[in-house]
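To keep things clear, I will list the structure first and then write my remarks on it.
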Amino acid sequence: MKSHLLRIFPYFILATTVLALPEPFSAGDRPLQAAFRTSALSDQPPPEWQSPPNPNATHHLIFSSVSGLLQRWSNTLRRNGHNIVPATIPAGTILYHGRTNDQVPDVPEWLAFDFEHAYLFCRRSCYVLSLQAKRDLRLVYFDGSSAAKMDDGPLDSQDIVAWGKPQPDKFFSERERIKALCDWGRPFGLDGFVRMEFHFEVMICDILDGLEIITLLDLLPKNTTGSPRRRRPPVPPGVPPDILPRFPPQLPDSPGTGPPPNWRGSLPSGSTGMFEANRAGSWHDRAPGETRVRLDLTGLITFYDPTLSSLVEARQGKDRLHHRLKGISTRDAERVLAELKTVLTREQGGQSGVDWGSITRVVTERYAERLDYLQFSLSPEAGFADTAEQAARARAQLLVMLAPYITTVDVPERLPASANASWAAPVVHRCATTQTSHIPLGMLTPQEARIHAAVENTLHEICRRLTLIWLEFFDVERADEATSEKGIEVGRKHVDELMSWLDWPAWVECRPACNRGETCYLPSWPFLEGDDPYDMTPRCISSKDVVRP
């Protein structure tokens, strides 16, 4: 524990200093970064490498957040977002707005990235505006399912920006929320905000500032008569009803305006429209996600900053789905807002140029599938002929992951390999710092320094666990059955605990894969249709399974 605190303490100091800055942080304030250089994880092998991370550490949570930004799958699983990121939508991007009349709105409104999403908002008459960005639009992105109208956390981060604290009673006060956000963002030159429900959307503050109308079309109305409606989920056994998400009142069926003259056949159905909107959202499930939004990770603000002590206490004993910001103190909320204002007003240019999103994806791509297979190889269901074959297969998989970091001198002086594990320390160090060892910390913003620490410390735990298993499997090919069984049990425990700690969305998928005409679906607002709104088991759905809100 002491060695772990020594590794992370400099990051705590920097984060505290940054949050307290009274003036905008500029490229000239580089001395603030120098303290990192003397004790960063990259400079020397960490002492006592076998020590586990602090239970309250958040490096893996920041890492997972960064690797999943703008990806629907990750942000549906972690619907209570904890990150706020400056963003732009580049000039030339097409956006859509569906409505029931032919008026161009002169108040803040919501725009869709794909037509299918905008088409949902037509009732009776159907008009869809197509708009193109005339210039780069300046925005702020709230991660998670931040457009889900639920009172149990998805709206917390934007409520803190809009009103200074979460306002669960205003979970459906969208007009009030968008006005408050636009009023807050106007002094910083913001054009709007990016959120996500079952698809990404833009809250635009002035639809005619920076956007050009391409078309305003009177489109075919949808036939919603007879389309199945969502039923309200009953209270799960033993769960107090007051903690369940609440839903907006259901809208009545509308007869529509009918088909145009000389039309033949059916009109587009409401349920098909809902399915196709959800399918359009699924195009952005995985990396690279919603590419029409470009994030500036040099300014990522995270509520997983461990110096926000009120949230550390609020998270204790809760799984990731139940992390929320409702317990944040006034002081911590003010510190976050001060940091956000600093990010939005500091001098642009001179950034490091480090592509943190790619770095986090390199790590997940390298380890996600391999850890999944290692877990299977060590399981009783693997189906090997005997423990010797199972242990040998697991050893080979370990070697695949650790081979880039094992030199010809990284061997134990005597057996068993675990008798004196100091020989393995360089392996862990090389593995943990492979992505970051030569990134000069002095060129990073304070927000990037947090991401740097998140990458190194997440990799350190991956490498620590794999190396601890390697100690058991180094000589397993010559071991007797009892020793092999012990190694398999130890390895299985390490892998299970590591994957539980990482909790990567890559391991949540529909198995078996969905058929043609189906899509893999995670419960998301407003389609929450199960008995338990916290059951995030993925399943395959088709258009007949989708119900209208």
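The values are calculated or read from the model by the stated rules, or taken from the named source; none is laboratory data. Here the structure is a predicted model, which is why all the values come from computation and not from measurement. Here the Cβ is made from the backbone with ideal geometry for all residues, glycine too, and neighbour counts use every protein chain on show. We work out accessible area using only protein heavy atoms, side chains counted, and drop any ligands, DNA or RNA first. Shrake-Rupley method; radii C 1.70, N 1.55, O 1.52, S 1.80 Å.
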Mean separation of Cα contacts under 8 Å, 6 or more apart, over the residue count of the stretch 431-506: relative contact order %: 31 percent
Given N residues in the stretch 488-544, what is its alpha carbon radius of gyration divided by 2.2 N^0.38 Å? 1.48
Taking placed amide H atoms and a strict 5 Å upper bound, the residues 5 or more places from LEU211 or on another chain that come that close are LYS134
Provide the gained length on full extension for the span ARG135 to ASP169, in nm with one decimal, where the gain is 0.36 nm per separating residue minus the Cα-Cα distance. 8.6 nm
List the residues whose amide H sits under 5 Å from the amide H of ASP191, counting only those 5 or more places along or on another chain, with H placed 1.01 Å from N in the peptide plane. ARG138, LEU139
Potential lengthening between SER500 and ASN54 on full extension [0.36 nm per residue; Cα-Cα distance subtracted]: 159.1 nm
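Rounded to the nearest 0.05, what FRET efficiency is calculated for THR272 and VAL104 with R0 set to 25 Å and r the Cβ-Cβ distance?
0.35
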At 10 °C and 1.306 mPa s, what whole-number value in µm²/s does Stokes-Einstein give for the translational diffusion of the stretch 177-227, with Rh from the Kirkwood sum over Cα pairs? 115 µm²/s
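Please find the FRET efficiency linking GLU347 to ARG286, where r is the Cβ-Cβ separation and R0 is fixed at 25 Å, and quote it to the nearest 0.05.
Using R0 = 25 Å, I get an efficiency of 0.10.
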Percentage relative contact order, the stretch 284-382, counting C-alpha pairs under 8 Å, at least six apart: 21 percent
Of all accessible heavy-atom area on the stretch 258-331, the percent that carbon and sulfur account for (1.4 Å): 51 percent
Quick one: Karplus J couplings for the stretch 56-63, per residue in order, coefficients 6.51, -1.76, 1.60, θ = phi - 60°, nearest Hz, x for Gly and Pro? 8, 5, 10, 4, 5, 6, 5, 4
Tell me, what ³J(HN,Hα) does each residue in the stretch 322-332 have, in order and in whole Hz, if you take phi through Karplus 6.51 cos²θ - 1.76 cosθ + 1.60 with θ = phi - 60° and put x for Gly and Pro? 9, 5, 8, 9, 4, x, 5, 7, 4, 4, 5
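Using the per-residue mean of other Cβ atoms lying within 10 Å as a proxy for protection, in what order, highest first, do the peptides 405-413, 324-332 fall?
324-332, 405-413
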Over the stretch 69-139, what lengths in whole Å, largest first, do the semi-axes of the equivalent ellipsoid take, defined as the square roots of 5 times the eigenvalues of the alpha-carbon gyration tensor? 25, 17, 11
Determine the per residue accessible area of the stretch 387-455 with all protein chains present and a 1.4 angstrom probe, expressed in square angstrom. 40 Å²
Ordered by residue, what ³J(HN,Hα) values in Hz, to whole numbers, does the stretch 307-320 give under the Karplus form 6.51 cos²θ - 1.76 cosθ + 1.60, where θ = phi - 60° and Gly and Pro are x? 7, 7, 5, 5, 7, 4, 5, 5, 7, 4, x, 10, 7, 4
Against the globular-protein guess of 2.2 N^0.38 Å, express the Cα radius of gyration of the stretch 279-379 as a ratio, rounded to two decimals. 1.42
Based only on Cα atoms, what mean projected area does the convex hull of the stretch 384-506 have, in nm²? 9.1 nm²
Residues whose built amide H sits under 5 Å from the amide H of CYS540, excluding neighbours closer than 5 in sequence, are TYR521
Hey, can you find the accessible area per residue of the stretch 255-334 for me, probe 1.4 Å, expressed in square angstrom? 49 Å²
What is the spin-label model distance, in nm, from LEU399 to ASP209 if the labels are put 7 Å beyond Cα along the C-beta direction? 6.4 nm
Using a 1.4 Å probe and counting only protein heavy atoms, arrange ARG177, ARG450 so the residue with the most accessible area comes first. ARG450, ARG177
Taking r as the C-beta separation of ILE94 and ALA385 and R0 as 45 Å, the FRET efficiency to the nearest 0.05 is 0.20
